[in-house]
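Worksheet for the structure shown next.
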Amino acid sequence: MLALALAAALAGPPATIDQMAWLKGCWIQTKPGGVVEERWMGPGGGVMLGMGRTLKDGKLRDYEFTRIVEADGSLAYMAEPSGQEKATFPLKSLTPEMAVFENPAHDFPQRVIYRRLGADEIIGRIEGQIGGQARSVDFPYKRCETGN
């Protein structure tokens, strides 16, 4: 009975992968000396596949392979960052403009958030605690000029 209650507490709100279709495409943040890019394939087969990279002074600094998958009637964000363990973040909340994925047991981040500001602009955000201090990093993205 306790296991059933725990599973219900961890289950995210009802959602399908098609509700994340607005994330599809190429997104870029240009910073002095570098860029951060994310590319997301559209929904298909219950999943969206993504990848990201950070370039600094023309050299690869970090990369990440990501998936948003349908799981138990909801969604989960799965990340495989360079040099780190895989992590899964179940969906916490979803509106037409924002998706929040959360894993309180993860070191950092504990939350991954995507917010749509329009057809050509999104903000990615990671947040959580490090050493008892609240931390966050925003990634303001524009749609890549190449279209998509």
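The values are calculated or read from the model by the stated rules, or taken from the named source; none is laboratory data. Please read all numbers here as calculations on a predicted model, not as lab measurements. Neighbour counts are summed over all protein chains in view; Cβ atoms, including those assigned to glycine, are modelled from backbone coordinates with ideal geometry.
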Among what's in region 37-86 and is more than 17 Å from Arg111 (Cβ to Cβ) and of a type in the set (Phe, Trp, Tyr), pick the residue that is surrounded by the most Cβ atoms within 10 Å (Cβ to Cβ). Trp40
Considering Gly34, Gly42, which residue is in contact with a helix residue (DSSP H, G or I) (Cβ under 9 Å, 6 or more places away or on another chain) and more than 12 Å from Ser74 (Cα to Cα)? Gly42
When the residues of region 128-148 are filtered to those that are surrounded by 11 or more Cβ atoms within 10 Å (Cβ to Cβ) and among the polar types (S, T, N, Q), which remaining residue is farthest from Val112 (Cα to Cα)? Asn148
In region 87-108, what residues are free of Cβ contacts under 8 Å to residues at least 60 places away in the same chain, surrounded by 13 or more Cβ atoms within 10 Å (Cβ to Cβ) and within 21 Å of Ile28 (Cβ to Cβ)? Met98
It is to be established whether one or more residues within region 24-32 are in a strand (DSSP E or B), farther than 17 Å from Ile122 by Cα and at pLDDT 95 or above. no
Say we look at region 62-108 and pick out the residues that are small (Gly, Ala, Ser) and touching a strand residue (DSSP E or B) at 6+ places or on another chain (Cβ under 7 Å); which of these is nearest to Ile122 (Cα to Cα)? Ala99
By residue number, the members of region 139-148 that are aromatic (Phe, Trp, Tyr) and assigned to a loop (DSSP other than H, G, I, E, B) are none
